[in-house]
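I have placed the structure first, in the form of structure tokens, so that the comments after it can refer back to it.
What follows draws every value from the coordinates through simple rules; no lab data is involved. Here the structure is a predicted model, which is why all the values come from computation and not from measurement. Methodologically, a virtual Cβ is constructed for each residue, glycine included, from the backbone with ideal geometry; neighbour enumeration extends over all protein chains shown.
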Amino acid sequence: MEGFGMGDKRIYVTSVSSSGVHGFSKQTKDHIRLLTGLGVEGDAHMGVTVKHRSRVAVDPTQPNLRQVHIIHEELFAELTEKGFSVAPGDMGENIVTRGLDLLSLPQGTRLHIGDDAIVEVTGLRNPCKQIDDFQKGLLHAVLDKDADGGLVRKAGIMGIVSQGGRVQADDTVRVELPPLPHAKLERV
């Protein structure tokens, strides 16, 4: 797990959100329930096949690799420094974590959350125009360039539910890396 922390020794959940309707933001909750192979109970993006409207329009039979959206809380502080006001749930995420460099995790990483839940990381969230509809200029703020000039997407990661369970703020997150060689996260 070495190399994926963000300086904070403890890795944990700071907030959870869901929404039963397709919209950009989600409402924060006391807890959410992850359902094996489906996603967040009652969330508009729950299901075995894709639920994101743009992907449904292309091929509604595609597997849903975006059942759970996770953002690192540290991104909110970075966006605040750039003049934006973003709170948990605002960017459509289901889980907010602290102390873990989510964007550096390899594909297939298993995040053990709380007592029972396991989310397998499938890829990066590909931020879209809706972010700018929420706050003008936010899309540019969640994109960056790496040292080689490659695009860095900072709007969180996506995953599928390998094992269901209840998730709430202050739940511990344990990282289980996949076998080597590790595959870099790509947009899903």
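Here are the numbers:
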| read-out | value |
| --- | --- |
| Gaussian network model of the chain, springs between alpha carbon atoms under 10 Å - residue of Leu79, Leu100, Leu151 with greatest fluctuation | Leu151 |
| Gain in span if fully extended, Ser85 to Thr172, counting 0.36 nm per residue against the direct Cα distance | 28.7 nm |
| FRET efficiency, 1/(1 + (r/R0)^6) with R0 22 Å, evaluated for Thr28 and Cys128 via beta carbons | 0.50 |
| Antiparallel bridge percentage (DSSP; both residues within the chain; nearest 5) | 90 percent |
| Part-to-part distance (alpha-carbon centres) for region 58-98 and region 16-54, which is given in Å | 12 Å |
| Candidates Ser19, Ser162, Ser54, ranked by Gaussian network fluctuation over the chain, Cα under 10 Å, top entry | Ser54 |
| Contact order normalised by residue count of region 112-188, Cα under 8 Å, 6+ apart, percent | 49 percent |
| Label corresponding to mean projected area of the Cα convex hull in nm² when calculated from the structure given, among (1) 11.4; (2) 10.5; (3) 16.7 | (2) |
| Simple Cβ-charge dipole of region 12-176, Lys/Arg +1 and Asp/Glu -1, about Cα centre, in debye nearest 20 | 500 debye |
| Those aspartates and glutamates that a straight Cα-Cα span of less than 13 Å connects to Lys154, excepting residues fewer than 8 apart in one chain | Glu73, Glu74, Glu78, Glu93, Asp101, Asp144, Asp146, Glu186 |
| Nonlocal amide H pairs with Leu124, under 5 Å, H built at 1.01 Å | Met158, Glu186, Arg187, Val188 |
| Difference of contour (0.36 nm per residue) and Cα-Cα distance, Val152 to Thr61 | 29.9 nm |
| Normalised contact order of the chain, rounded percent, pairs of Cα under 8 Å and 6 or more residues apart | 31 percent |
| For the chain, calculated [θ]222 nm from helices alone, where every DSSP H run of n ≥ 4 adds -39500 (n - 2.57) | -2500 deg cm²/dmol |
| Pairs from Lys51/Lys136; Lys82/Lys145; Lys136/Lys184; Lys26/Lys145; Lys29/Lys184 whose Cα-Cα separation, in the structure shown, is over 20 Å | Lys51/Lys136; Lys136/Lys184; Lys26/Lys145; Lys29/Lys184 |
| Candidates Leu34, Leu102, Leu138: whichever shows maximal mean-square fluctuation once the chain is modelled as a Gaussian network with Cα springs under 10 Å | Leu138 |
